[in-house]
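What follows is one structure encoded as structure tokens, with my remarks underneath.
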Amino acid sequence: MERVLSGAQPTGLIHLGNYVGALRQYVQLQHEADCYFCVVNLHALTLPRDPQELKEKTLDVAALYLAIGLDPKKATIFVQSHVPAHTEAAWLLQCIARVGELSRMVQFKEKSKGSAESAGVGLFTYPVLQAADILLYQANKVPVGEDQKQHLELTRDLAERFNRDYGEVFTIPEPLIPKIGARIMALDEPTKKMSKSAESKWNNISIMDDPKLIEKKIKRAVTDSENQVRFDPENKPGISNLLTIYSTLSGISISELEKKYDGVGYGQFKKDLIEVTIEFLRPIQERFHELRHSGYVEEVLKEGAERAGKVANQTLSKMREAMGIIQI
Ligand code: AQP
């Protein structure tokens, strides 16, 4: 059976981009593969965070995993920091990673705002921790959005280098990037990706947004002056982005939607998309509220950490052995 590993950072509430690009795949994959899904809270420390908020958001994201349909009987759900093997494996991999390859990471350039001098070291080395997250589970497949493609390539390079220099320890993972929705764009600036940590609240739709806010956000979403519902990401990024969201949430293909709204205009299209989004999120939000403070999330995470720890420690032990780290 194939092994799958992926995770989301508790840097805010999951948004539709996270869902469409990655988490939607988690739900499907849990029926087909041996899946490990973590809340990568150590990654969230790469930029300054309020400690209390980080704790809450870690549990929020775990509760959202369950609310979107992840079943702890089928998939192992855990928090990254609960499996200490991740940080040790990251150190071992840092010793074979190169400054040059990490300097080429686009996300580092973006998040450090071009100023490497004042950027945190954790922000610089975080793709290596991400490689450790993946490689410890011998994952064959990693469901992610398009923004993670470069980090996955680095993970593969590190795994291949380790296997070559120290002997075969790691499975070489492949990214699973969806054909549609791999990069959901910001509603207010559709040439940039939708992001949790965006400054403007009009950037994204959080899975927990209430109907009124969803309505406001979609009404304000940037389109163009053509008033023609047509999928053309280059010339019509705003409307194409909304079509992608509409299609993935409703299950109606983009070409059918184009036909449906031919000659109808943006007003009706947005009105229907508001309805589709509210109805799609309603059961997820209800389930989130049922679970979040019930004690169940913590139970799932405890059991998940035990299960994940067993697999991770086996690989870590092989890494230590291969690198000459004495074990007693
Ligand atoms: N806009 C997006 N479209 C499609 N997929 C996306 N993902 C993120 N943004 C989009 C995918 O969601 C998964 C979890 O992401 P993450 O928590 O690792 O955060 P991120 O990739 O750094 O992006 P965010 O959500 O915008 O967070 P911040 O603002 O904190 O950086 C990943 O598989 C990612 O590819």
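The values are calculated or read from the model by the stated rules, or taken from the named source; none is laboratory data. Since we're looking at a predicted model, the values are computed, not measured. FYI the Cβ positions are ideal-geometry reconstructions off the backbone, even for glycines, and counts take in every protein chain you see. Ligands, DNA and RNA are stripped out before the accessible areas are found, and what is left, the full protein with its side chains, is counted by its heavy atoms. Shrake-Rupley method; radii C 1.70, N 1.55, O 1.52, S 1.80 Å.
Farther than 30 Å from ALA159 by Cα, open to solvent by less than 60 Å² (accessible area, probe 1.4 Å) and either touching a strand residue (DSSP E or B) at 6+ places or on another chain (Cβ under 7 Å) or part of a helix (DSSP H, G or I) (or both) - does that describe any residue in the stretch 306-315? No, the stretch 306-315 contains no residue that is farther than 30 Å from ALA159 by Cα, open to solvent by less than 60 Å² (accessible area, probe 1.4 Å) and either touching a strand residue (DSSP E or B) at 6+ places or on another chain (Cβ under 7 Å) or part of a helix (DSSP H, G or I) (or both). Could you tell me whether ILE245 is more than 22 Å from the chain's Cα centre (by Cα) and β-branched (Val, Ile, Thr)? No, not satisfied. When GLU199, GLU189 are checked against the criterion of being under 20 Å from the mean Cα position of the chain (by Cα), open to solvent by 70 Å² or more (accessible area, probe 1.4 Å) and within 25 Å of SER112 (Cα to Cα), GLU199 stands alone in meeting it.
Counting the residues of the stretch 127-170 that are among the hydroxyl-bearing types (Ser, Thr, Tyr) and surrounded by fewer than 18 Cβ atoms within 10 Å (Cβ to Cβ) gives 1. When every residue of the stretch 196-209 is checked against the conditions, at least one turns out to be of a type in the set (Lys, Arg) and within 24 Å of GLN25 (Cα to Cα). State whether the residues of the stretch 83-100 include one that is basic (Lys, Arg) and within 13 Å of the ligand (Cβ to nearest atom). The answer is no, given that none of the residues of the stretch 83-100 is basic (Lys, Arg) and within 13 Å of the ligand (Cβ to nearest atom).
Of all residue pairs spaced 6 or more apart or on separate chains, those with beta-carbon atoms under 6 Å, a first member in the stretch 149-170 that is more than 16 Å from TYR137 (Cα to Cα) and a second member that is polar (S, T, N, Q) and not in a loop (DSSP other than H, G, I, E, B) are HIS151/GLN130. If we keep just the residues of the stretch 110-125 that are modelled with pLDDT under 90 and of a type outside the set (Asp, Glu), which is most open to solvent (accessible area, probe 1.4 Å)? Once the filter is applied, the top-ranked residue is LYS113. On the stretch given as the stretch 9-44, residues that are in a helix (DSSP H, G or I), open to solvent by less than 30 Å² (accessible area, probe 1.4 Å) and farther than 24 Å from ILE180 by Cα total 3. The set of residues in the stretch 16-52 that are within 12 Å of the ligand (Cβ to nearest atom) and among the β-branched types (Val, Ile, Thr) comprises VAL20, VAL39, VAL40, THR46.
Residue-by-condition table, conditions (1) hydroxyl-bearing (Ser, Thr, Tyr); (2) surrounded by 15 or more Cβ atoms within 10 Å (Cβ to Cβ); (3) more than 30 Å from ARG287 (Cα to Cα):
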| position | (1), (2), (3) |
| --- | --- |
| ILE205 | no, yes, no |
| ASP210 | no, no, no |
| LYS217 | no, yes, no |
| ARG220 | no, no, no |
| ASP232 | no, no, yes |
| SER240 | yes, yes, yes |
| TYR246 | yes, yes, no |
| LEU249 | no, yes, no |
